[in-house]
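The values are calculated or read from the model by the stated rules, or taken from the named source; none is laboratory data. Values in this document were obtained by computation on a predicted structure and should not be read as measured data. Cβ placement follows ideal geometry from the backbone for every residue including glycine, while neighbour counts extend to all protein chains displayed.
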Amino acid sequence: MEMDERYVRQDRLRYTKNTVSSRLAILAILFDVLFFVSIYKSDVGSWYYTILIGASILYNLVFMLLAFLSSEGVKRYKPGFSWLLIALGAIQVVRIFILPMSAHRAELELKGETVRVMGDAQFIRCVIYLCVSSAACIAAAVINLGKSRMLKAHLARLGSRQA
């Protein structure tokens, strides 16, 4: 009985889309957008008007495009998109140490008062957004790798039975 259920579950992969991985990739985009909004709504002097912000904006656009492309790819069990999602997830973690960390450490003199560019609450929120985005990318990738390998093995068994 167990064997029949496993066979049916594997055979269903041929006819259904990998919506779990796809939705996790979309979730990663959502949390990247929340990070994006949190950073770019800040207006503390002229600290944010640098080439670093320009590069960050450009990367956010590239991230969203690649994550969306990956969400479509993993929907069809394409394992190559899993590796792209793993890379995107790793970069999201690295990003914590670039812009949020530097803004959290930086202080400016505004109207005779020294203020931190990014407060503790905003810093923690940004770190959480990037970590959740990263985790969603990596989870989508791992799930897709497992399902795509299962489908490939199942299709190979079906091919050997027909021969």
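Quick notes on this structure:
- The lone exception for Ile51 - which of (1) touching a Leu at 6+ places or on another chain (Cβ under 6 Å); (2) without any contact (Cβ under 8 Å) to a residue 40 or more places away in the chain; (3) of a type in the set (A, V, I, L, M, F, W, C) it fails: (1)
- Number of positions in region 71-99 that are without any contact (Cβ under 8 Å) to a residue 24 or more places away in the chain and over 29 Å from Leu52 (Cβ atoms): 2
- Region 97-126: number of residues that are surrounded by 18 or more Cβ atoms within 10 Å (Cβ to Cβ), of a type in the set (A, V, I, L, M, F, W, C) and either within 19 Å of the chain's Cα centre (by Cα) or not in a loop (DSSP other than H, G, I, E, B) (or both): 4
- Hey, Arg9 surrounded by fewer than 18 Cβ atoms within 10 Å (Cβ to Cβ) and without any contact (Cβ under 8 Å) to a residue 24 or more places away in the chain or not: yes
Here's the yes/no breakdown for (1) more than 14 Å from Ile26 (Cα to Cα); (2) hydrophobic (A, V, I, L, M, F, W, C); (3) modelled with pLDDT of 95 or more:
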| position | (1), (2), (3) |
| --- | --- |
| Ile96 | yes, yes, yes |
| Arg116 | yes, no, no |
| Ser133 | no, no, yes |
| Arg161 | yes, no, no |
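- Residue count for region 128-142, restricted to those that are among the aliphatic types (A, V, I, L, M) and surrounded by fewer than 18 Cβ atoms within 10 Å (Cβ to Cβ): 3.
- Failed criterion for Ser70 (all others in (1) within 16 Å of the chain's Cα centre (by Cα); (2) polar (S, T, N, Q); (3) within 16 Å of Phe35 (Cβ to Cβ) hold): (3)
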